[in-house]
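Notes follow once the structure below has been shown.
The values are calculated or read from the model by the stated rules, or taken from the named source; none is laboratory data. Just so you know, these numbers come straight off a predicted model, no measurement behind them. Cβ atoms come from the backbone with ideal geometry, glycine included; neighbour counts cover every protein chain shown. We work out accessible area using only protein heavy atoms, side chains counted, and drop any ligands, DNA or RNA first. Shrake-Rupley method; radii C 1.70, N 1.55, O 1.52, S 1.80 Å.
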Amino acid sequence: MLKNTESEPNMPLYYKVQSYILDLIKSNKLKEGDFIPTEMELSSMFHVSRPTVRQGLNTLVAKGYLKRQKGKGTFVTKPKILKENTRFIESYNREMHKKGLIPETKVLEIAIKICPHSLIDKLGVEEGDKIIKLKRLRYAYSNEEKDKKPILLTTVYIPYKKFPNLIMYDFEKRSLYEVFEENNIYIKKAIREIEAKLSNKETSSLLKIKEGSAIHFISSFGYGEDGSVIEYSESMYPGERNKFIVEITR
């Protein structure tokens, strides 16, 4: 069924197994949900011990390419996307391009509204002031992935007086932060709060996950040079598709 086990002669034995499985995944010969050959089959295929096979597979499990299911075997899964927006202020598109992924955005809503009472203090506006609401579903995938799934649902609120013409831009093609910068609006500081939550029915439907699934909920304030709030956002990341890095220095 799965052949072609040739590799570099001086390659460590466990790495040969690891590279073989990874090549099958990247070439789409093994897809998400497919079970890989058993440890016994791989042991026979490469003429190595089962502990050596296990050592090679353990790395792929740790990196998120494989998942073990007790009593059934080991199957292919998608690695979580490492998000660094807890460390840097950077546009989503730039961050995904750096990771070698293709970003894609679907705008669910963009509208001018009267600021709801719950956001008045957050945005530093007066009662009755207008705001712009931008709700987007975001994807990131490699060239091989045809079954892309959303990795982020985000809603951002901007005081209307900060950028009255914002609604004129196409945010399925443009990055919000890049549009800000083109108009000499710069986010100089961001404060982000991360919570663990369970997805509700609407969120689950949009993110294509089961209702009640674990999600990372991040609320974020972006501040301008004068210290005023430029944007406030609420973002939901499926736990099964994302992980975050937080850097602390002393």
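Using the structure shown, decide if Lys188 is open to solvent by 90 Å² or more (accessible area, probe 1.4 Å), more than 30 Å from Glu32 (Cβ to Cβ) and modelled with pLDDT of 95 or more.
Numbers: open to solvent by 90 Å² or more (accessible area, probe 1.4 Å): yes; more than 30 Å from Glu32 (Cβ to Cβ): yes; modelled with pLDDT of 95 or more: no.
Answer is no for this residue.
Applying the selection to region 107-137, what residues are β-branched (Val, Ile, Thr) and not in a strand (DSSP E or B)?
Applying the first criterion (β-branched (Val, Ile, Thr)) to region 107-137 yields 107, 110, 112, 114, 120, 125, 131-132.
Matches in region 107-137: Ile120, Val125.
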**Request:** Would you point out the residue of region 156-173, among those that are part of a strand (DSSP E or B) and not aliphatic (A, V, I, L, M), that is farthest from Leu137 (Cα to Cα)?
**Result:** Pro159
**Message:** So for region 44-55 (the condition being surrounded by 13 or more Cβ atoms within 10 Å (Cβ to Cβ), in a loop (DSSP other than H, G, I, E, B) and either of a type in the set (Ser, Thr, Tyr) or at pLDDT 95 or above (or both)), does at least one residue qualify?
**Reply:** yes
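Name every residue in region 52-81 that is free of Cβ contacts under 8 Å to residues at least 24 places away in the same chain and in contact with a Ser or Thr (Cβ under 9 Å, 6 or more places away or on another chain), in order of residue number. Talk me through it step by step, then tell me what you get.
If we filter region 52-81 for residues that are free of Cβ contacts under 8 Å to residues at least 24 places away in the same chain, which is where we start, we get 54, 58, 61-64, 67-71, 79.
Val61, Gly64, Lys67, Arg68, listed by residue number.
May I ask you to say which residue of Tyr169, Tyr177, Tyr160, Tyr232 is open to solvent by 20 Å² or more (accessible area, probe 1.4 Å) and touching a helix residue (DSSP H, G or I) at 6+ places or on another chain (Cβ under 7 Å)? It would help to see each step written out before you state the result.
On the way: Tyr177 fails: touching a helix residue (DSSP H, G or I) at 6+ places or on another chain (Cβ under 7 Å); Tyr160 fails: touching a helix residue (DSSP H, G or I) at 6+ places or on another chain (Cβ under 7 Å); Tyr232 fails: open to solvent by 20 Å² or more (accessible area, probe 1.4 Å).
None of the others qualify; the one that does is Tyr169.
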**Message:** Give me the residue from region 56-76 that is basic (Lys, Arg) and in a loop (DSSP other than H, G, I, E, B) and, out of that set, surrounded by the most Cβ atoms within 10 Å (Cβ to Cβ).
**Reply:** Lys63
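Just the residues that are within 19 Å of Lys161 (Cα to Cα) and in a loop (DSSP other than H, G, I, E, B), please, taken from region 174-191. Step through it out loud before you land on a result.
Initially, region 174-191 is screened for residues within 19 Å of Lys161 (Cα to Cα), giving 176-188.
Once the filter is applied, which keeps residues that are within 19 Å of Lys161 (Cα to Cα) and in a loop (DSSP other than H, G, I, E, B), region 174-191 yields Asn183, Asn184, Ile185, Tyr186, Ile187, Lys188.
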**Asked** Looking at this structure, is Lys148 closer than 30 Å to Lys29 by Cα, open to solvent by 30 Å² or more (accessible area, probe 1.4 Å) and outside any helix (DSSP H, G or I)?
**Response** yes
**Request:** Restricting attention to region 207-229, report how many residues are in contact with a strand residue (DSSP E or B) (Cβ under 7 Å, 6 or more places away or on another chain) and open to solvent by less than 70 Å² (accessible area, probe 1.4 Å).
**Result:** 16
**Prompt:** How many residues does region 192-229 hold that are closer than 26 Å to Asp170 by Cα, at pLDDT 90 or above and part of a loop (DSSP other than H, G, I, E, B)?
**Reply:** 3
**Candidates Glu182, Glu178 - the one that is acidic (Asp, Glu) and within 22 Å of the chain's Cα centre (by Cα)** = Glu178
**Message:** Of all residues being surrounded by fewer than 18 Cβ atoms within 10 Å (Cβ to Cβ) and β-branched (Val, Ile, Thr) in region 191-206, which is farthest from Arg241 (Cα to Cα)? Just the residue, please.
**Reply:** Ile191
**Asked** Residues in region 131-140: is at least one open to solvent by less than 30 Å² (accessible area, probe 1.4 Å), at pLDDT 95 or above and among the β-branched types (Val, Ile, Thr)?
**Response** yes
